Amino acid sequence: MAGPTLVMYEAEQKEIQAIIERLTHDSRAKACFVIDKNGQALASAGQVAGLDITSLASLTAGSISATGGLARVLGEKGDFSASYNEGDKDNLYMTIVGGRIILVVTFNNETSSLGLVRLRTKKACDELAVVITRIVAKSGTGGEAVLSEITDDDIDNLFS
């Protein structure tokens, strides 16, 4: 399920941050996260103080990967595009954007609803897909081309 690492550029990072901040506000969510399929957190917004974002990112990527396996077992041609988990206090809505990143929205039923989150997330996914496409285009082959000219000697010289 993991793919090439995205090389994030400052302009696109700011765009992604603005999109998820707006999504957090418009959906009345507690927090939103953008995570790559390798389990790296790329951006977060909302009530994130005290959260172990590194663990959340890693577990989310694993969950999406497992859900993709379930989709294949059930005969789906691709991954399930979204996943919803309901808890006693908080809910988690995860969706794959552009086949490369995962958008995670945490919310509770006191301040929001699944319907509102899904509606606002759809628009945010469309906006994020445009940004991700631009990042991939800038990166050449999706992240690998940026580092392709670095040799082992260059790395050795850096640390000597």
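The values are calculated or read from the model by the stated rules, or taken from the named source; none is laboratory data. The model shown is predicted, which means the values in this text are computed figures rather than measured ones. Virtual Cβ from ideal backbone geometry, glycine too; neighbours counted across all protein chains shown. Just the protein is used for accessible areas: all its heavy atoms, side chains included, with ligands, DNA and RNA removed. Shrake-Rupley method; radii C 1.70, N 1.55, O 1.52, S 1.80 Å.
Annotations
- Matching residues in the range 13-32 - criterion: being surrounded by 19 or more Cβ atoms within 10 Å (Cβ to Cβ) and in contact with a Lys or Arg (Cβ under 7 Å, 6 or more places away or on another chain): 23, 27
- Count of residues meeting criterion [in contact (Cβ under 8 Å) with a residue 40 or more places away in the chain and either of a type in the set (Gly, Ala, Ser) or part of a strand (DSSP E or B) (or both)] in the range 100-114: 8
- Residue count for the range 33-45, restricted to those that are open to solvent by 40 Å² or more (accessible area, probe 1.4 Å) and either free of Cβ contacts under 8 Å to residues at least 12 places away in the same chain or in contact with a Phe, Trp or Tyr (Cβ under 9 Å, 6 or more places away or on another chain) (or both): 1
- Single condition residue 146 does not satisfy, out of (1) farther than 23 Å from residue 52 by Cα; (2) at pLDDT 90 or above; (3) surrounded by 12 or more Cβ atoms within 10 Å (Cβ to Cβ): (2)
- Residues within the range 18-67 that are over 17 Å from residue 122 (Cα atoms) and not in a strand (DSSP E or B), tallied: 26
- Selection from the range 96-120 of residues that are hydroxyl-bearing (Ser, Thr, Tyr) and at pLDDT 95 or above: 106
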